[in-house]
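Just below is one structure, and these are the notes that go with it.
The values are calculated or read from the model by the stated rules, or taken from the named source; none is laboratory data. Just so we're clear, the structure is a prediction, and the values are computed from it rather than from any experiment. Reconstructed Cβ throughout: ideal geometry from the backbone, glycine too, with neighbour counts over all protein chains shown.
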Amino acid sequence: MIANAPTPVTNTGVDYTLTPTRVGWRLTAWESAEVTKERLRPFLWKFEVELQTWDEAQTTLQVILEGDST
């Protein structure tokens with residue numbers, strides 16, 4: 001599903017957004033986590049990249065999701 005506004009999508013513990021840009025797609029993926037005294041951000045890790053084509057974005061997302069062991 002493609003939307004104009006980034007909408008977080010949950011899939012096996014990894015949240016992600018695919019946002020259209022002027023030159024392609026921005027893929028942002030992260031694993032949510034509770035903010036604590038030691039953790040100042042609401043995620044364990046975060047990955048953001050801009051890709052030129054929808055196929056590149058989908059392939060990169062698949063690699064991220066397949067690497068998720070939760």
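For this structure, a couple of remarks:
- Scope the range 25-40; condition touching a helix residue (DSSP H, G or I) at 6+ places or on another chain (Cβ under 8 Å) and over 14 Å from Asp15 (Cα atoms); matching residues: Trp25
- Scan of the range 12-28 for residues that are in contact (Cβ under 8 Å) with a residue 12 or more places away in the chain and farther than 19 Å from Val63 by Cβ, ordered by number: Pro20, Thr21, Val23
- Restricting Val35, Val63 to those that are modelled with pLDDT of 90 or more and either among the aliphatic types (A, V, I, L, M) or part of a strand (DSSP E or B) (or both) reduces the list to Val63.
- Options Glu31, Glu50, Glu56, Glu66; residue that is among the acidic types (Asp, Glu), without any contact (Cβ under 8 Å) to a residue 60 or more places away in the chain and loosely packed, with under 10 Cβ neighbours inside 10 Å: Glu66
- If you go through the range 41-70 and keep only what is touching a helix residue (DSSP H, G or I) at 6+ places or on another chain (Cβ under 8 Å) and either closer than 12 Å to Glu31 by Cα or among the acidic types (Asp, Glu) (or both), you end up with just Phe47.
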